[in-house]
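The values are calculated or read from the model by the stated rules, or taken from the named source; none is laboratory data. The model shown is predicted, which means the values in this text are computed figures rather than measured ones. Glycine gets a Cβ as well: all are built from the backbone with ideal geometry, and neighbour counts include every protein chain shown. Each accessible area value is taken on the protein alone, full model and side chains, heavy atoms only, with ligands, DNA and RNA left out. Shrake-Rupley method; radii C 1.70, N 1.55, O 1.52, S 1.80 Å.
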Amino acid sequence: MDDLITVVDWSRWQFALTAMYHWLFVPLTIGLALIVAIMESIYVKTKNVKWLAMTKFWMLLFGINFAIGVATGIILEFEFGTNWSNYSWFVGDIFGAPLAIEGIVAFFMESTFIAVMFFGWKKVSPAFHLTATWLTAAGTALSALWILVANAWMQQPVGMEFNPDQMRNVMDNFWAIVFSDTAVAKFTHTVSSAWVLAGVFVIGVSCWLILKKRNVEMAMDSIKIASWVGGVGILITLATGDMSAVNVAKHQPMKLAAMEGLYRGSCGQELVGIGILNPDKKPGDNESPYLFDIAIPYGLSFLATHNPHAFVPGIDDLIEGIEFTPQGDTVRTVGYAERIAIGREAHEALRAYDSARAEGNSAGMESALKDLREAYPYFGYGYLDSPEEAVPPVAMTFYAFRIMVMAGGYLLLFFAVAFIGVYWRQGWLKNKVVNWIGMFSIVVVWICSQSGWITAEVGRQPWVIQDILPTRAAISDISASSVILTFWMFAAVFTVLLVAEISIMLTQIKKYSKEDINTISKS
């Protein structure tokens with residue numbers, strides 16, 4: 001059992017390591033592709049060599065980032081087979097479909113037209129080249145779509161049916177998976193946040209150019225485009241963040257409770273704006289959940305349901321299976337101990353079905369299948385030993401969520417200042433302090449992006465598939481030592497790749513900043 005736990009924990013850490021490194025590159029790729037496409041569109045329309053130089057400059061940085069993102073992404077997908085083979089078998093019919101579409105359609109589109117982007121300047125017409133650039137940008141967004149559809153299905157499993165003959169889940173409604181509440185919210189939120197990240201990156205690099213007094217005109221125009229892309233992105237991100245909160249409250253209430261450090265909910269539940277959790281707090285005890293907190297009255301009820309008087313359950317409420325009406329009446333739901341019992345009944349029904357099938361007992365198969373289908377919604381709880389195992393890491397989820405929100409608020413202000421500066425107060429952008437703030441904001445936006453990923457993924461633990469498959473039942477039959485070894489190997493390789501990417505980007509930024517617009521446009 002100890003070795004199993006070690007394999008589970010290290011496999012989770014290895015996947016998290018790979019995903020977090022990969023997520024350093026993906027949003028910048030998505031956002032920069034759009035910015036480059038807009039700049040080239042302006043060049044094709046105006047024939048101004050300045051816009052051609054800007055297009056080539058940012059396209060180069062896009063290409064560097066794209067290459068490293070592909071390398072980490074391939075490793076990420078391989079890990080489903082090496083470390084999570086039980087998961088891959090259990091849901092491969094469903095999870096594999098979006099990944100296959102991503103590889104065949106979206107990635108094929110990117111890899112085909114990116115070659116035209118970089119090597120077709122003098123070989124194809126300007127219109128064809130522009131089309132290739134836009135198709136590359138579309139390909140990056142489509143790649144994100146299918147990956148996020150797969151991820152959303154893990155958090156809201158719909159459009160499927162368990163097939164006891166195959167001992168796995170099979171897809172029965174493709175469009176229900178693609179257009180689930182969670183999939184729509186995840187895609188719009190993720191892509192718009194990628195525009196934010198790329199917008200901050202372009203503004204930050206442009207601030208460095210202004211600080212060094214190199215290609216200032218190109219930098220100022222780059223800030224204009226980045227401000228529009230990032231500004232629109234941050235507004236959509238805020239709107240879709242609200243959509244995501246409602247979906248989490250509906251489909252993953254335990255994640256929402258962890259995000260708030262909420263153990264006992266209430267009608268008209270307040271939202272903790274700033275707080276410090278009590279590290280000694282455990283589910284079911286009488287300890288206060290916070291050492292310090294500043295809360296917004298009715299905030300969480302409104303965020304989760306758009307009704308300021310609605311009841312929002314806490315961790316203990318969900319474990320015990322209770323809710324309250326605005327009138328104070330108690331409503332019984334399915335508590336976690338009962339879910340565990342029902343999950344084990346589902347396992348027993350599956351074993352009974354398998355035995356009846358082996359004996360050729362049709363009546364036994366039909367009876368067992370009926371019991372299995374009734375209990376299947378809580379199938380995954382049958383793997384748990386106690387209700388507390390279904391509680392995610394509260395502290396990490398709580399603090400990651402607040403870092404994301406505070407960083408998002410900063411970025412909203414950042415783009416507002418960038419807009420004012422580039423259109424009405426251009427003197428601001430020539431101030432050294434403002435330039436340094438612009439460059440520092442690149443760090444802030446990446447922290448915000450990673451915090452959002454942590455909130456979404458750590459908050460749904462211990463589930464690989466919500467309520468159906470926990471991590472302990474999803475891993476491969478491999479040794480703990482092999483997972484630990486590959487973890488450190490990947491950590492070393494990814495760190496080298498990251499250092500190499502940053503070094504190459506800095507070198508290219510410095511190189512092109514010393515050349516005039518005409519030279520860059522002819523490169």
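Of the residues Ala33, Ala53, which is modelled with pLDDT under 90, closer than 18 Å to Gly120 by Cα and surrounded by 23 or more Cβ atoms within 10 Å (Cβ to Cβ)? Walk me through how you get there before you give the answer.
Details: Ala33 fails: modelled with pLDDT under 90.
Exactly one residue qualifies, and that residue is Ala53.
Would you check which residues across the stretch 293-346 are part of a strand (DSSP E or B) and closer than 14 Å to Glu260 by Cβ and list them? So that I can check it myself, show each step before the final result.
Start the filter on the stretch 293-346 by keeping residues that are part of a strand (DSSP E or B), which leaves 293-296, 311-312, 322-324, 330-332.
Asp293, Ile294, Ala295, Ile296, Phe311, Val312 - these are the residues of the stretch 293-346 that are part of a strand (DSSP E or B) and closer than 14 Å to Glu260 by Cβ.
Can you find even one residue in the stretch 46-53 that is part of a helix (DSSP H, G or I) and under 17 Å from Ala141 (Cβ atoms)? Walk me through how you get there before you give the answer.
Step one: list which residues in the stretch 46-53 are part of a helix (DSSP H, G or I), which gives 46, 49-53.
Applying the additional criterion that residues be under 17 Å from Ala141 (Cβ atoms) yields none.
Taking every residue of the stretch 46-53 in turn, none turns out to be part of a helix (DSSP H, G or I) and under 17 Å from Ala141 (Cβ atoms).
On the given criteria, is Gly63 part of a helix (DSSP H, G or I), in contact with a helix residue (DSSP H, G or I) (Cβ under 9 Å, 6 or more places away or on another chain) and under 30 Å from Asp165 (Cα atoms)? Before you say what the answer is, go through the steps one by one.
Values: part of a helix (DSSP H, G or I): yes; in contact with a helix residue (DSSP H, G or I) (Cβ under 9 Å, 6 or more places away or on another chain): yes; under 30 Å from Asp165 (Cα atoms): no.
No.
Find all pairs meeting these conditions: Cβ atoms under 6 angstrom apart; at least six residues apart or on different chains; first residue within the stretch 408-425 and modelled with pLDDT under 90; second residue open to solvent by 40 Å² or more (accessible area, probe 1.4 Å) and of a type in the set (D, E, K, R).
Close Cβ pairs (under 6 Å, with a partner that is open to solvent by 40 Å² or more (accessible area, probe 1.4 Å) and of a type in the set (D, E, K, R)) amount to Val422/Lys224.
Listed residues Ala368, Ala375, Ala418; which is open to solvent by less than 70 Å² (accessible area, probe 1.4 Å), out of contact with any Asp or Glu (no Cβ under 9 Å at 6 or more places or on another chain) and in a helix (DSSP H, G or I)?
Details: Ala368 fails: out of contact with any Asp or Glu (no Cβ under 9 Å at 6 or more places or on another chain); Ala375 fails: out of contact with any Asp or Glu (no Cβ under 9 Å at 6 or more places or on another chain).
Every option except Ala418 fails the conditions.
Determine if the stretch 123-141 includes at least one residue that is under 30 Å from Arg12 (Cβ atoms) and of a type in the set (Gly, Ala, Ser).
Our first condition is that a residue be under 30 Å from Arg12 (Cβ atoms); within the stretch 123-141, this holds for 140-141.
Filter again for of a type in the set (Gly, Ala, Ser), leaving 141.
Scanning the stretch 123-141, I find at least one residue that is under 30 Å from Arg12 (Cβ atoms) and of a type in the set (Gly, Ala, Ser), so the answer is yes.
Test of understanding: among Leu498, Leu506, which residue is open to solvent by less than 70 Å² (accessible area, probe 1.4 Å) and either part of a strand (DSSP E or B) or more than 30 Å from Asn247 (Cα to Cα) (or both)? Step through it out loud before you land on a result.
Values: Leu506 fails: open to solvent by less than 70 Å² (accessible area, probe 1.4 Å).
Leu498 is the lone residue from the list that is open to solvent by less than 70 Å² (accessible area, probe 1.4 Å) and either part of a strand (DSSP E or B) or more than 30 Å from Asn247 (Cα to Cα) (or both).
In the stretch 458-489, which residues are open to solvent by 50 Å² or more (accessible area, probe 1.4 Å), in contact with a helix residue (DSSP H, G or I) (Cβ under 8 Å, 6 or more places away or on another chain) and not in a loop (DSSP other than H, G, I, E, B)?
Arg472, Ile484
Here are Leu142, Leu130, Leu135: which of them is within 26 Å of Glu102 (Cα to Cα), surrounded by fewer than 23 Cβ atoms within 10 Å (Cβ to Cβ) and at pLDDT below 90?
From the options Leu142, Leu130, Leu135, the qualifying one is Leu142.
Which pairs have Cβ atoms under 7 Å, sit 6 or more apart or on different chains, and link a residue in the stretch 172-185 that is free of Cβ contacts under 8 Å to residues at least 24 places away in the same chain to one that is of a type in the set (A, V, I, L, M) and open to solvent by 10 Å² or more (accessible area, probe 1.4 Å)?
Asp172/Met160; Ala176/Val158
Considering the stretch 116-140 alone, what residues qualify as being of a type in the set (A, V, I, L, M) and over 18 Å from Ile35 (Cα atoms)? Don't jump to the end; show me each part of the working.
Going residue by residue through the stretch 116-140, those that are of a type in the set (A, V, I, L, M) are 116-117, 124, 127, 130, 132, 135, 137-138.
Residue satisfying the conditions is Val124 alone.
May I ask you to say which residue of Arg214, Arg264 is over 22 Å from Gly321 (Cα atoms), touching a residue at least 12 places away in the same chain (Cβ under 8 Å) and not in a helix (DSSP H, G or I)?
Values: Arg264 fails: over 22 Å from Gly321 (Cα atoms).
Residue meeting the stated conditions: Arg214.
Which residues, taken from the stretch 378-394, are open to solvent by 50 Å² or more (accessible area, probe 1.4 Å) and assigned to a helix (DSSP H, G or I)? Steps first, please.
Of the stretch 378-394, the ones open to solvent by 50 Å² or more (accessible area, probe 1.4 Å) are 378, 383, 385, 388-389, 393.
Of everything in the stretch 378-394, those that are open to solvent by 50 Å² or more (accessible area, probe 1.4 Å) and assigned to a helix (DSSP H, G or I) turn out to be Tyr378, Tyr383, Glu388, Glu389.
Residues being within 18 Å of Val184 (Cβ to Cβ) and of a type in the set (A, V, I, L, M, F, W, C): count how many of those fall in the stretch 233-290.
Of the residues in the stretch 233-290, 9 are within 18 Å of Val184 (Cβ to Cβ) and of a type in the set (A, V, I, L, M, F, W, C).
When the residues of the stretch 360-401 are narrowed to those that are among the hydroxyl-bearing types (Ser, Thr, Tyr) and farther than 30 Å from Gly273 by Cβ, which ends up farthest from the chain's Cα centre (by Cα)?
Only one residue fits best here, namely Ser362.
Which pairs do you get when a residue that is acidic (Asp, Glu), found in the stretch 85-107, comes within reach of a residue that is assigned to a helix (DSSP H, G or I) and modelled with pLDDT of 80 or more, reach meaning Cβ atoms under 9 angstrom, with the pair 6+ apart or on two chains?
Between residues of the stretch 85-107 that are acidic (Asp, Glu) and residues that are assigned to a helix (DSSP H, G or I) and modelled with pLDDT of 80 or more, the close pairs are Glu102/Leu142; Glu102/Ser143; Glu102/Ala144; Glu102/Leu145; Glu102/Trp146; Glu102/Ile147; Glu102/Val149; Glu102/Ala150.
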